[in-house]
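Reading through the structure tokens given below for one structure.
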Amino acid sequence: MINFVLSLFGGPLPKLFRKPLSEEQAFFFPTVVATLVICLAWAAVATFQPVPEYYRSAALLCDLATVIYLALVYLVFYDRLQKVRYINWILPVLNAFIFSINLVFEFPYAHIFFLIILSMIIFANAILFGRWPTYLFAIICFITDSVLTQQSVSSIEAGFFIDFLPIPVFTIVIVETIRLLLSRYNAQVHRLQVLNMVAKSVSSSLEIKQVITLLNSTIQNALDADTYYVGLMDSEGKALHLELLYDDGEFYPASDLPLQNTLAGWVIHNRKSLFSGNLPQDMPDIGVRRFVVGQPRASLSWMGTPLSSGDHILGLVAVAAYKYDAFNKADLELLENVAQQASLAIDNAYHHAEVEKRSLLDSLTLAFNHSAFIQKLDDSIAESDMTGLPLSVIMLDIDHFKSYNDRYGHLVGDKVLTRLTEVIHQHIRETDYVGRWGGEEFSIALVGADVRQAYQIAQRIQKSLSEIEFISREGASIPAPTVSQGIATYPCDADGTYTLIDEADQRLYVAKNRGRDEIEPHVEEQEESIKPV
């Protein structure tokens, strides 16, 4: 628009004026144009006043200087001036000098023009330069106006209120209103920036720990909270496992938070956010008891919102403070939006973890597949080297499984495989694991177990399997299959992953050749061959 205005004067525009307005210049462009128009109106009024020619020329010259100053400073050189040190204080002082000097020339309605221009400049200064530079501008204008009109601030004449009060009143009202609006605007921009950052970050997060870390940094940067925690529902849905707990400058280890009659439980049970600026007063109405986590100190403000995906509650994120009314509804809205983004990321992480887990498992028996078992065994051997504890592997094979499968059908064969896996899991610890090596052959890793302990487990598996009764499709009883097992122990039998598996496999074939339904080595018969680890 400035280019259009300048083009009205005819001729090609100088390169300086063809420069597009910056975003900040475009923001205050209407105010500057309006001020220019009023200055021109002021000049028009001065042109027709019955005053000496030199007086009129001086007034017009001052008014023209004001117009040129506005156009050059705010529409042409503003971006360059921003690089000058203390420019936010220099420009308000120059503004006050330029506009006050026009009061020297007394014309009808001159003071009205001055007050209109002054109010617009105060408005622009409050936005561009902030609170205190604008007050400095107003003070200079106030003093100049007082001196030029030769009135005392202590005057009680009616003229004082007409001439002087508009300046401080306009200044206080405009500056404080602009400051409040800018504060709210900046807060909203900050919230949008936080949400944008969260959205970008969680879109690439496929691990729950990454999401928890993101929530930690987001809450610290966006909310003035003394305490905050992030909890995920346990497998039984009876408690929250606090993955993150921060209180009064200190992080606490993971712990469980009960849901019954607690603030967290209320949020989970009602599936909606809870906000309180006065917990001692609100808790009886909510119907919950106080449950302190972290520091032994009661919070006075609290807000929490569920982490949910569809109808499924994943957990909770909550913040608290040790003062009343520490948060407002905008803070709660920000927390809800962040929780919504985090919920999507956590749900995606759960699905990703489930897919990854499934990719490591045999689809029928849910035992580890061949490659996954090898990888875990590599890790277990490395751990064995560090701890000095033994590691035993049992290679297990179902005897005559092909003929068994052909005789009773593949469905029964599949049932045998799955039931065998269940039996194995019944006799091993959580640190141990099972792999389906191929077909009817399984591998069992026993962390920290020597050959005697592995032999005892192999016996229990053998015995439990013999006691299982299988039923055919016709309802007839099917005899339980037998298994042959070979045991090898690290480091006394092998020096690595593949040699350990190979040794156990060789012993499996020895057990088969001995008549099947056997365990090799037969510890009870070969006690002297067992080397202590």
_Any residue in the range 81-100 that is in the same structural domain as C141 (by TED's automatic domain parsing) sitting within a Cβ distance under 6 Å of a residue that is assigned to a loop (DSSP other than H, G, I, E, B)? List the pairs, counting only those 6 or more apart or interchain._
N88/F129; P92/F129
*Evaluate the range 497-507: report whether one residue or more is assigned by TED's automatic domain parsing to the domain that holds E422 and in contact with a helix residue (DSSP H, G or I) (Cβ under 6 Å, 6 or more places away or on another chain).*
yes
*State all residues of the range 274-331 that are under 19 Å from P258 (Cα atoms) and polar (S, T, N, Q); if no residue qualifies, say none.*
Q295, S299, T305, S308
*the range 393-429, residues that are of a type in the set (V, I, T) and either in a helix (DSSP H, G or I) or over 24 Å from T499 (Cα atoms) (or both)*: V412, V416, T418, T421, V423, I424
*Name the one entry in V317, V293 that is touching a residue at least 12 places away in the same chain (Cβ under 8 Å), part of a strand (DSSP E or B) and either of a type in the set (G, A, S) or assigned by TED's automatic domain parsing to the domain that holds N221 (or both).*
V317
_Odd one out for L446 among (1) without any contact (Cβ under 8 Å) to a residue 24 or more places away in the chain; (2) under 45 Å from the mean Cα position of the chain (by Cα)_ = (1)
_Pairs with Cβ under 6 Å, 6+ apart, first in the range 253-278 and at positive phi, second surrounded by 13 or more Cβ atoms within 10 Å (Cβ to Cβ) and part of a loop (DSSP other than H, G, I, E, B)_ = N261/V288
*asked:* For the range 392-413, check the following and say yes or no: at least one residue is over 27 Å from I457 (Cα atoms), in contact (Cβ under 8 Å) with a residue 60 or more places away in the chain and buried (at least 19 other Cβ atoms within 10 Å of the Cβ).
replied: yes
*What number of residues in the range 310-335 are aliphatic (A, V, I, L, M) and loosely packed, with under 13 Cβ neighbours inside 10 Å?*
1
*Looking only at the range 414-443, which residues are surrounded by fewer than 15 Cβ atoms within 10 Å (Cβ to Cβ) and in contact (Cβ under 8 Å) with a residue 60 or more places away in the chain?*
G438
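The values are calculated or read from the model by the stated rules, or taken from the named source; none is laboratory data. Owing to the predicted nature of the structure, the values given are computational and were not obtained by experimental measurement. Cβ: placed from backbone, ideal geometry, glycine included. Neighbour counts: every protein chain shown.
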